[in-house]
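Report on one structure; see the data block that follows.
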């Protein structure tokens, strides 16, 4: 990343976690800490961390570089609110439900975004991929043509702001920011992600997260 660039981390954490069934997902505990606490600690190095909370949630104690805002009804609305006050040249948008952030992936993102203005991590699809047909085994898809997208996703702040403005004026919705940036016509670079940066979504994911928390943080990658 260019030397003088500042970084804002945007964390939409206003989701209710209905599939997990434990209340607001950001406050579910893993390894003795909430998912949100894991994420905030992972980005302690950033110039600022902005977090969108549920409207009825009290801001928890946090380091000086953390700011809280009221989240929207949907993830996209929360990110738009977080973006309004962001000051960084580069913004990283990260799911609060991904507690384990691998530093090497973040480094790859910052290098890629400095060149192209938008970059996201992705991992290969490891399993057989099918299109279910009426509850039965349907046609198999070529999994080599697909990838699983993770967060954080990195963008020049101006690019992401323009993408959200386009979404607002055209009533576009998307499940992540990269889709909005692509709708704007910008290419989004892919960098290798890491399977440990999985999203806690279902109850069984908590068992995996508890196991991983016992050996976190990971050893630095060797060159």
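The values are calculated or read from the model by the stated rules, or taken from the named source; none is laboratory data. Note that the structure is a prediction, hence the values are computed from the model and not measured. Note that we place each Cβ from the backbone using ideal geometry, even for glycine, and neighbour counts take in every protein chain shown.
Some points to look at:
- Segment 131-160 - residue that is in contact (Cβ under 8 Å) with a residue 60 or more places away in the chain and not in a helix (DSSP H, G or I) and, of those, surrounded by the fewest Cβ atoms within 10 Å (Cβ to Cβ): 156
- Count - residues of segment 49-101 that are part of a loop (DSSP other than H, G, I, E, B), touching a residue at least 60 places away in the same chain (Cβ under 8 Å) and in contact with a strand residue (DSSP E or B) (Cβ under 8 Å, 6 or more places away or on another chain): 8
- Residue match in segment 12-20 (condition: over 17 Å from the mean Cα position of the chain (by Cα) and either surrounded by 18 or more Cβ atoms within 10 Å (Cβ to Cβ) or without any contact (Cβ under 8 Å) to a residue 40 or more places away in the chain (or both)): yes
- Subset tally (residues that are exposed (fewer than 14 other Cβ atoms within 10 Å of the Cβ) and within 27 Å of residue 44 (Cβ to Cβ)) for segment 193-206: 1
- Hey, residue 190 under 24 Å from residue 5 (Cα atoms), part of a helix (DSSP H, G or I) and touching a helix residue (DSSP H, G or I) at 6+ places or on another chain (Cβ under 9 Å) or not: no
- Taken as a whole, the condition of being closer than 24 Å to residue 116 by Cα, buried (at least 19 other Cβ atoms within 10 Å of the Cβ) and either touching a strand residue (DSSP E or B) at 6+ places or on another chain (Cβ under 8 Å) or touching a residue at least 60 places away in the same chain (Cβ under 8 Å) (or both) does not apply to residue 28.
- Taken over segment 169-187, the residue count meeting the criterion of being in contact with a strand residue (DSSP E or B) (Cβ under 6 Å, 6 or more places away or on another chain) and either surrounded by fewer than 18 Cβ atoms within 10 Å (Cβ to Cβ) or in a loop (DSSP other than H, G, I, E, B) (or both) is 1.
- Residue among 183, 209, 167, 154 that is in contact with a helix residue (DSSP H, G or I) (Cβ under 9 Å, 6 or more places away or on another chain), under 19 Å from residue 90 (Cα atoms) and at pLDDT 95 or above: 154
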